[in-house]
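All of the numbers you see were taken from the coordinates with simple rules; none came from a lab. All values derive from a computational prediction rather than experimental measurement. For neighbour counting, all protein chains shown are included, and Cβ atoms are generated from backbone atoms with ideal geometry for every residue, glycine included.
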Amino acid sequence: MTVAPLVEQPLLAAVADARAVLGRVADLQPLYLSVGEKERLLVESARLAAQVDELRLRCLAEAGDVADKHGARDAGAWLAHATHLDPAAASADRRLAGALQDRPLLAAGMRAGGVNAAQARVIAAAVDDLPDRLGADLRADAEARLVDYAGEFGPADLRRLGRRILDVLAPEIAEEEEAKRIEAEEAAARERASLKFRNLGDGRSRMSGVLPTSTVERLKGYLDAHTNPARRTSDTSGTDDIDTGPTEDAKPDLNPDLARSPFHRRRAWAFMDLLELLDPDRLPEHGGDATTVTVTISLDQLRTDLATAGLLTGEGEETISASEARRLACQARIIPVVLDGHARVLDLGRSARLFQPAQRVAIRLRDHVCRAAGCTIPARWCHLHHLDPWSSGGATDLDLAVTLCGHHHQRIHDHRYTHTRLPNGDIRFHRRT
């Protein structure tokens, strides 16, 4: 009796066939391919890799029983051990595998070789970030649109497109939803901010931190102002040298190679210089001229609680909430670039609206502490707040200023709260219901 051969499961057979075919060309080198053939090989092998990734992720999503069999924490942890993968990468693959189960269009894009794993992670995250209240249909439309975009854009561009996908699909609610997302991110950034120091034991210490972007941009502005090589001279007169060009009695740089030094090293030196130049008699001092910030915002956005503004940075424009822009306007040397509906500049400047040193002293002598009801933070540690906002044409007058600690200054610009001024001048906050 003849026994029929066992038919191998199709998925396993497909993988075996693919490996066998690639094995037959393992010793062939692409050296003698034409330019066109190399282009085709690179593109087609990348598409093949996406298809293989999708098949592996498809199985990984259903491999909970494999983890149970081996007592592993999850299928990703077992795969990392069995194939010597990086555990963090295997864990990320497991999360993507789960996302693909809920994103059939995205999975189909990978299966066809049109979406690679890096793009898929970005698209899945962008769709997941959309609020549930927008409905399943809109989320499906966003998924489909981003999968189409994957044919033209890489992960970084897809991430930006994903953040603004509502501008295309639902422009009538895009601004409000973007403002809610930005405010949530700003609150999370402040809540999760960290700064750590570790002594390396060789005369150096490592400093690492995760800070809000607006804070980092302010620090970079300070440091970049100190990275001019001409500032580091052997002059010990105590004056702050400015690069005015060569002179007959110009002194040589302490470090003649400074101009050729990497910028990150020059920034480190600038940070050291900045700390040395701080006046200890003025610490802590939070009400001085913080920095120059350029914010672009339309008139309608300026008057709206749930709106966004643009913060010009060294790398382009960062989006911040309108409430954050109004808060910065009280503390920083802000240059508001207010735009009308046609993006024409209506007003540029007004840094003179900052309180002058004599005014600061008078206000702090008057208030003594933060004027939020019940707060006892000393006035010299507080910010100065315009009671009549600059966005409404307020003036920089003593009777229109109040001292607020950092916490309450942020709260007075938080649209989730209202506030009233008590007869004694204190500010009382109320959560909106």
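Numerical summary
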{"quantity": "Global geometry of the range 55-165, whether rounded, prolate or oblate, following the gyration tensor of its Cα atoms and the 1.5 cut on a/c", "calculated": "prolate"}
{"quantity": "Sorted by Cβ neighbour density within 10 Å, fewest at the top, the residues 215, 420", "calculated": "420, 215"}
{"quantity": "Packing-based exposure ordering (other Cβ within 10 Å, fewest first) of 132, 17", "calculated": "132, 17"}
{"quantity": "Potential lengthening between residue 388 and residue 202 on full extension [0.36 nm per residue; Cα-Cα distance subtracted]", "calculated": "61.6 nm"}
{"quantity": "Separation of alpha-carbon centers, the range 122-181 and the range 16-93, rounded to whole Å", "calculated": "29 Å"}
{"quantity": "Likely footprinting exposure, 407, 383, 84, fewest C-beta neighbours within 10 Å first", "calculated": "84, 407, 383"}
{"quantity": "Whole-Hz ³J(HN,Hα) from phi, Karplus 6.51 cos²θ - 1.76 cosθ + 1.60, for the range 261-268, glycine and proline x", "calculated": "6, x, 5, 5, 6, 5, 5, 4"}
